[in-house]
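All remarks here apply to the structure that follows.
The values are calculated or read from the model by the stated rules, or taken from the named source; none is laboratory data. Quick caveat: nothing in here was measured; it's all calculated off a predicted structure. Ideal geometry is used to build each Cβ from the backbone, glycine not excepted, and the neighbour counts take in all protein chains shown. Ligands, DNA and RNA are excluded from the accessible area calculation, which covers all protein heavy atoms including side chains. Shrake-Rupley method; radii C 1.70, N 1.55, O 1.52, S 1.80 Å.
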Amino acid sequence: MSAPKAPSTPSDTAARRFFHGTRADLKPGDLIRPGYASNYVGRTSPWVYFSETLNAATWGAELAKGEGPGRIYQVEPTGPFMDDPNLTDKKFPGNPTRSYRSREPLRVVAELLDWQGHSPEEIKAMKDGIAGLEPIDD
């Protein structure tokens, strides 16, 4: 078995774009911090999750708990981050969704306003598929 991959750091990310989907109404410069209520389950998480793919962020925006419209933000990590074990090698070997998590905040760069959501049928199927699942938060 190979050694775990070293965490990435903000200095490794100059040419990369990251996204976070949620229902929170945020502004550029705001920080998205771990330790708050999860978008998906009724407890807090020690992690904040984000992705390099707009599709993964779209699911985040559409599946997030709460009222109001789904929103997608371009974000930048402020500290080290790692592959999201909820997806990497558990569901999608090799992390094709390019999904990550960090114990450090994400800084909002901008809100994306022109994203395309999934159909109501696709959203229902996804919600049914993840019902009862708990994220890996260790």
Open to solvent by 50 Å² or more (accessible area, probe 1.4 Å), modelled with pLDDT of 95 or more and over 16 Å from residue 61 (Cβ atoms) - does that describe any residue in the range 31-45?
-> yes
Exactly one condition in (1) surrounded by fewer than 17 Cβ atoms within 10 Å (Cβ to Cβ); (2) at pLDDT below 90 is not met by residue 111; state its number.
-> (2)
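Tell me whether the range 73-81 contains one or more residues that are open to solvent by 30 Å² or more (accessible area, probe 1.4 Å), at pLDDT 90 or above and among the polar types (S, T, N, Q).
yes
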